[in-house]
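Single-structure report; data block below.
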Amino acid sequence: MVDNRTAPYGLLILRLALGLMWVSHGLMKVFIFTVPGFAGFLGKIGLPSALALPIIAAEIIGGLLIASGVYARQVAILLIPIMLGALSYHAPNGWVFSTTGGGWEYPAFLVVASLVVALAGEGAYALKPAALIPGGRRALA
């Protein structure tokens, strides 16, 4: 059962936390790894180095949009492929993200939390809430 009185506030907390996690993930690439360092990493694992800035921008801008509730459901879905890419890299390193090379727990959690926001909605105080699929019918509880 979903408590319709408190669920919007639970989703607000999830949306804010998820947005801030996406922003911090992008800023980590700027301030810790550096943009050239992240570009070099992408090249080293066989991806185009030119993806560095678009990935960083998507994570930072997407995180801000999610946190503010501007098309958060759609943005959350659009960010999932980025984290699935990170998850595929980190999966062989084990579960805990603090292991050498980083494990898969953190990327997996961001994927799941993004999926929950996409499916459940923005919650309270969203600046521009929108249906996940425009014109779609609501599911029956």
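Read-outs throughout are calculated quantities, based only on the coordinates presented, and are distinct from any laboratory measurement. If you're wondering where the values come from, they're calculated on a predicted model, not measured in any experiment. So basically every Cβ, Gly included, is an ideal-geometry build from the backbone, and we count neighbours across all protein chains shown.
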key: Debye equation applied to the C-alpha atoms of the chain, log10 I(q)/I(0) at 0.11, 0.15, 0.16 Å⁻¹   = -0.44, -0.76, -0.85
key: Two-site label geometry, residue 45 and residue 27: point separation in nm, points 7 Å out along Cα→Cβ   = 2.2
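With N set to the number of residues, divide the alpha-carbon radius of gyration of the range 31-70 by 2.2 N^0.38 Å and report two decimals.
Details: Rg = 11.9 Å, N = 40, 2.2 N^0.38 = 8.9 Å.
Against the compact-globule rule of thumb, the ratio is 1.33.
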query = Alpha carbon centre of the range 41-108 versus the range 1-19: separation in Å?
reply = 23
inquiry  = So for the chain, averaging the separation of alpha carbon pairs under 8 Å that are six or more residues apart and normalising by length, what relative contact order in percent results?
reply    = 29
